[in-house]
Structure formats: structure tokens, C-alpha cells
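Only one structure is covered here, and it is reproduced in the block below.
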Ligand code: NAD
């Protein structure tokens, strides 16, 4: 292993690779580790601990104890807010370091790591910090007094849901973790975070910053390991009150079934197959730029990636050819190189998955318009790929989530047809509609089965805007008031007087 990497300047021997359990940075109790790779080169960059069941148990017990700990249970909301703000300050101070770490470990473009993965994490922490002092319940008059004539007053409190097991994917490793940690801590919960096994480095450095911020021991714990061992142990642990997952629908279904066994609370942010719908009044150049960004951003490794493009017949060829041009001319390279437009996929395994989908597309008779191969270089690169399906026949690519830079484009005649096609999927995470006719846009938006519909934009998220899936894209909503409701339980206290 080299001590530094060519572009990043990161000293690999100084990486923080230990887990955070009960306020201490620890290796796995068994001493076992696994290897991380730089997706742009395939070279080894670090070895990180592989948590055992005993480590998961220690983290959960620490979180359980911290929940009862006076210094957390009785911490004033304003003090929780200050702690979260302090953590946001630390994140901001170390933004450059964290962004480089993410590019090294995940492969994303450095600009995306700076603006989205780390920049948005700071925003989300600050926004959720503000909620700590604004969580409130209700008071209710009772209409059914027993015995008649008795006076009652009910107070409805919102209390922390308890110990939260947060399990996140590898596409925006730090941001996906913060989407869960920030509201959970604002509500007074304690957290055990399990980042994806391919991309734990920013979460581990973040854990160290949380220690520096002064969170009491056990309030935030970070364990590292595979989904089937550490993740499953966390899901099945009896002392965890809630599991919140961002990941694939397949894993979400399994986790939902496990949680059902003990009626554990569960929130699931899962996969998507989001349609991008272009109406014929839309400027084709605007539509093509929007559609390209919707699918190729972060190499298509975005749950809301616009992976199905529907263009009204008149504009179809022009828009698809323009997206294909963008794909053909994209500069592939390391996320550290400012000239790079398309970075590597996260792992060898993900590259193989994506190439398998491309192969299936070709075999099923979709027309390959651009890309379609791995790039001829080290690292886990796949050419941005555009398929057209002008026959409208059902294809694997129109049904299944690829989670890579692969687009399938299809022409349509009228709005009835496109709404029907867009909704013809088990997923329902997001969609976008491109038109200058706001009336048509709103009518289409109303009828789409999707948790978020963007008009003349795609992939816009905000800490105050609820986010989540219809159908098999998930259960529950993140962000805004929805997140606060997700990490609190309602308790009614009924007083007779
Ligand atoms: P994944 O489902 O394979 O893994 C997600 C997380 O779950 C990882 O930390 C993994 O280790 C863990 N996991 C896997 N099996 C587990 C098990 N049996 N028990 C407990 N934990 C387990 O997903 P991925 O490949 O890391 O990420 C890609 C997926 O995430 C895509 O489907 C994408 O759409 C989805 N995603 C959804 C959103 C959203 O907000 N809806 C956002 C980003 C990504």
C-alpha cells in the first residue's frame, strides 16, 4: 500500500479506521479487518475493522445506556442544538479533508463530494439542530368523559423513539448517514450507525469529530462490517427500538420482515426507477441537458437517478441523440482530476452488475445508442450508456434498478400513455416533468406514483422538503417535520380533574 495517493495528498497511514463504541475508538474485538480500495485505480487504500456480533452488542448496549444517562436524557433541547451546531462547525472546518476522503473511498467527483456529500451534510446538521428546540406536542380536550361529568385534559408529548440503528448505502456515504443521525440526535435518540462496507471512511472520521464535539459516550456509535453479519445483528438486536435503512429494496424487504417479528419501528428509503418525462413544448436542448444530468450525476449511483427517459415522439430523436452525444464526449477519470466528468463506479462488484445489465439490454433487443462497455483503464469505470426502446416492448432495463450510468429512452404519443408507462413499475421514488406548460406539468405530477416530482429540474433535495418512496421505494419520509415525527413516539397523558 502506498503511503499517499497521487492526486489526493492523503496520507494513508494517518487514516482514522477505528470504530466508535461507547465514546472510545476501537478495533474489532476479534482483531479481524477487511480491505478498502480506491475505485479509480483498484489499489488498496486501507484496512478497517470487521465488527463481530459482540461489537454490535457493545455498541447497542452503549446506546441503550446513553439513553438513560442523565447527561443525555436531561440535556436541554438548546444544549442538544448547540452540540449539533458544534458538530456542523467541525464538519465545515474539516470539509476539505472529508471531501477528499470521500473521493478516495467512493470515487465521486471532488466537486460533488465538496458541494453535496459534505456541503449538504453541514446544511442538514444545522437545519436539524434548529428542530431540537422546536419539537412540541399538543393539548387535547376530551369528548368522551367517563364517568360522565368528569373533566379531562390530555397532553400529547413527543418522546425520542430510543436506540436507532441506522444502516446506509455507499452512494453518498456521509450525507446518507447524516440524513439519519442529525434528526435522531435532535430528537434525543441515541444512534448506532453502520455505513456500507465499501465506504466507511468518512463515517469513521465523522465519529472522531463527534467525540471532539463533546457528545456523551454512547450517544453516537459507528460500527463497520458487512450487511449480512454486522447489519443483520443490528437489525435483530432486541435493544434497538428503530431501524432506519437507506438501501436496496431487496435488503429493505428482509429488514422489514425482521422488524415485524418484534414490531420494531422501521423506516425504509429504497430503490427507484425514476422517469424523466419530456413534453413536446420543451426546448430539446434544455430537456437533453436535464435528462443527461438526471442519469449521469454521480455515475448514476443515485436512488432518484432518471433512468427512464420518455420523450414525446416529435422530439424523441433530437433529445436522445443529444443525450447520447453527452455520453460519448464525457471525460472519464479520477474524481480528483478537475477535468473528469464521469468517475468510477464504487466497486468491482458494482461495475460487473452494471455491465450485466448492459449485456441484458443488448440481448433483449434494445438499441444501443452510446457507450455499452467498461472503459479500457484501471479502476471500476463504465462508459455512460444510452439505449433506445422504440418498440415499447417490456425490457429488464425499463423495470429494474441498475444504479449506474445507463439510460433507457422511449418515445410516447400522449400524456395518458406516458403517465401509464411512468407508473408501470414497482418503484415510486421520484420523477421529473419537463415542459413550459405549468398546467400540464401539474396535471401529470398529480398522477405520478412518486414521493417527489420535480418540474424542469431533477435530483433537488432540501432538509425541509419531505423525501421518500411510494410503493416498493420505501416506507416513511426523511427531512423536515417528517423526520422529527419519524424519530419520536407520541405519548398521550390524560389527566382527570
Ligand atoms: P444495499 O441494500 O446492498 O446496502 C445498504 C446497506 O444495507 C449497507 O450498509 C449494507 O451493508 C446493509 N445491508 C445489506 N444487507 C443487510 C442485511 N441483511 N441486514 C442489515 N443490513 C444489510 O444497497 P447499496 O448497494 O449499498 O446501495 C444502493 C441501493 O440503495 C440502491 O437500491 C439505491 O436505490 C438505494 N438508495 C436509496 C436511497 C433513498 O433515499 N431511497 C438513497 C440512496 C440509495
Going by the conditions given, is residue 426 in contact with a helix residue (DSSP H, G or I) (Cβ under 6 Å, 6 or more places away or on another chain), within 16 Å of the ligand (Cβ to nearest atom) and at pLDDT 95 or above? yes
Determine which single condition residue 259 fails, assuming it passes every other condition in (1) touching a helix residue (DSSP H, G or I) at 6+ places or on another chain (Cβ under 6 Å); (2) within 11 Å of the ligand (Cβ to nearest atom); (3) not in a strand (DSSP E or B). (1)
Of all residues in the stretch 433-454 being assigned to a strand (DSSP E or B) and within 16 Å of the ligand (Cβ to nearest atom), which is farthest from residue 270 (Cα to Cα)? 454
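Considering each of 245, 209 in turn, give the residue that is near the ligand (Cβ under 10 Å from one of its atoms), touching a residue at least 40 places away in the same chain (Cβ under 8 Å) and either surrounded by fewer than 24 Cβ atoms within 10 Å (Cβ to Cβ) or not in a helix (DSSP H, G or I) (or both). So that I can check it myself, show each step before the final result.
Values: 209 fails: near the ligand (Cβ under 10 Å from one of its atoms).
Result of the check over 245, 209: 245.
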Looking across the stretch 265-287 at residues that are under 15 Å from the mean Cα position of the chain (by Cα) and not in a loop (DSSP other than H, G, I, E, B), the single one that is farthest from the ligand (Cβ to nearest atom) is 267
Output for the stretch 231-242, where each listed residue is in contact with a strand residue (DSSP E or B) (Cβ under 6 Å, 6 or more places away or on another chain) and near the ligand (Cβ under 8 Å from one of its atoms): 231, 234, 235
Kindly indicate whether any position in the stretch 75-87 is outside any helix (DSSP H, G or I) and farther than 24 Å from residue 179 by Cα. no
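Given the residues 430, 445, which is the only one that is at negative phi, in contact with a strand residue (DSSP E or B) (Cβ under 9 Å, 6 or more places away or on another chain) and surrounded by 24 or more Cβ atoms within 10 Å (Cβ to Cβ)? Give the steps one after another, and end with the answer.
Values: 445 fails: surrounded by 24 or more Cβ atoms within 10 Å (Cβ to Cβ).
Answer to the check: 430.
The values are calculated or read from the model by the stated rules, or taken from the named source; none is laboratory data. These numbers were taken from a predicted model, which means no experiment stands behind them. In this analysis, Cβ positions are derived from the backbone assuming ideal geometry, glycine residues included, and neighbour counts consider all displayed protein chains.
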